[in-house]
Amino acid sequence: MRGLIVLGVMMLALPAAAQNTVITVPTAPCADPPRPAAAAAPVTPSIAAGIVAARNRNFALALANFQPLAEQGNADAEGAMGQLLMQNCTGLQDKPAAIEWLNKSAAAGNIGAKDLLGAAYMTGNGVPLDDNKAFALFSQTAAAGNAVGELSLGYLYTAGRGVPQDKYQGLQWTVKAAEQGNGGALGNIAGAYMRGEILEKDTDRAAYFLALSNQRANPVQRAELMGISQQIRQEVSASDLARATSRAQRWSPGAGSLREVLSDANDFRRRKQASN
């Protein structure tokens, strides 16, 4: 996955009351943390309270909120349990149990759980690496309009993993994710304009999409885009970078807002075919 953004960090978008919220836990290597002391069971467990606890790094309290609901069959809580137990640096990591919870949640239709399972199969994290299963899961979440699924499906098509390689199809899915404001997808489009494989090399366009990405990417995505960012900064003047940043501030996400990228790709493909 070098040079492409997939998930950045393990994070789960929870539907229903927790829509658009994520639990984010650092994934950098860490010394074996002790298991946190058990927290008293809340009188009324809730996913929202569990998310707040996790963000405050009170992982025992997060577990105390998620687990009772998950054991009652709440699909969102099952997904949250799966994510929490997949994380390192929490003292709670238990990948076999995490996969079990994610499977239960995904079977109930939880999109976030499907994304996490797809990422697990794509990287071999807690399960044997299986590109076919990853492709099947991300196909489902992308079809539901999930930006992480669209971005990940774009990567699989581009890399030819779990599906015959089709860089144009990969770009189509990447654009769908980018039109939702996904910082990783916007960064991947910047990279495509720099590489000149599916889009004609255009450093000005690359700088513009990098600026869009920088405005929306999380810190991990920015770190993963460091290579393409450095390349663009080497080839684009400071004044042109400033203009790209100013222009990017006027863009708003939305379906069809990046249709010109696919138009550029079609034009580039026709020119290549005509020259052969």
- request: Pick out the one residue from VAL127, VAL220 that is modelled with pLDDT under 95, under 23 Å from ALA98 (Cβ atoms) and of a type outside the set (S, T, N, Q).
  value: VAL220
- request: List the number of the failed condition for SER46; all other conditions in (1) closer than 21 Å to ASN103 by Cβ; (2) surrounded by fewer than 21 Cβ atoms within 10 Å (Cβ to Cβ) hold.
  value: (1)
task: Could you list, in sequence order, all residues of segment 49-89 that are in contact (Cβ under 8 Å) with a residue 60 or more places away in the chain and of a type in the set (Gly, Ala, Ser)?
output: GLY79, ALA80, GLY82
- line: Over segment 209-238, the set of residues among the aliphatic types (A, V, I, L, M) and surrounded by fewer than 22 Cβ atoms within 10 Å (Cβ to Cβ) is VAL220, ALA223, MET226, VAL236, ALA238
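Test LYS176 against the stated conditions and say whether it is over 12 Å from the mean Cα position of the chain (by Cα) and closer than 25 Å to ALA211 by Cβ.
On the way: over 12 Å from the mean Cα position of the chain (by Cα): yes; closer than 25 Å to ALA211 by Cβ: yes.
Yes, satisfied.
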message: Can you tell me which condition TRP101 does not meet? The list is (1) under 20 Å from GLY254 (Cβ atoms); (2) assigned by TED's automatic domain parsing to the domain that holds PHE66; (3) of a type outside the set (Val, Ile, Thr), and all the others hold.
response: (1)
- request: May I ask you to list pairs of residues, at least six apart or on different chains, whose Cβ atoms are under 6 Å apart, with the first in segment 200-222 being farther than 15 Å from ARG250 by Cβ and assigned by TED's automatic domain parsing to the domain that holds LEU262 and the second being modelled with pLDDT of 95 or more and acidic (Asp, Glu)?
  value: THR203/GLU235
Subset of segment 115-145 [farther than 14 Å from LEU156 by Cβ and assigned to a loop (DSSP other than H, G, I, E, B)]: GLY124, ASN125, GLY126, VAL127, PRO128, ALA144, GLY145
statement: Exactly one of ARG55, ARG35 is surrounded by fewer than 17 Cβ atoms within 10 Å (Cβ to Cβ), under 20 Å from ALA113 (Cβ atoms), modelled with pLDDT under 90 and basic (Lys, Arg), and that one is ARG55
query: Looking at segment 155-165, which of the residues that are of a type outside the set (Val, Ile, Thr), in contact (Cβ under 8 Å) with a residue 12 or more places away in the chain and not in a helix (DSSP H, G or I) is farthest from GLN234 (Cα to Cα)?
result: GLY162
task: Determine, yes or no, whether ASP264 is in contact with a Lys or Arg (Cβ under 9 Å, 6 or more places away or on another chain), touching a residue at least 12 places away in the same chain (Cβ under 8 Å), surrounded by fewer than 18 Cβ atoms within 10 Å (Cβ to Cβ) and of a type outside the set (Lys, Arg).
output: no
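The values are calculated or read from the model by the stated rules, or taken from the named source; none is laboratory data. Computed from a prediction, not measured in an experiment: that's the story for all the values here. So basically every Cβ, Gly included, is an ideal-geometry build from the backbone, and we count neighbours across all protein chains shown.
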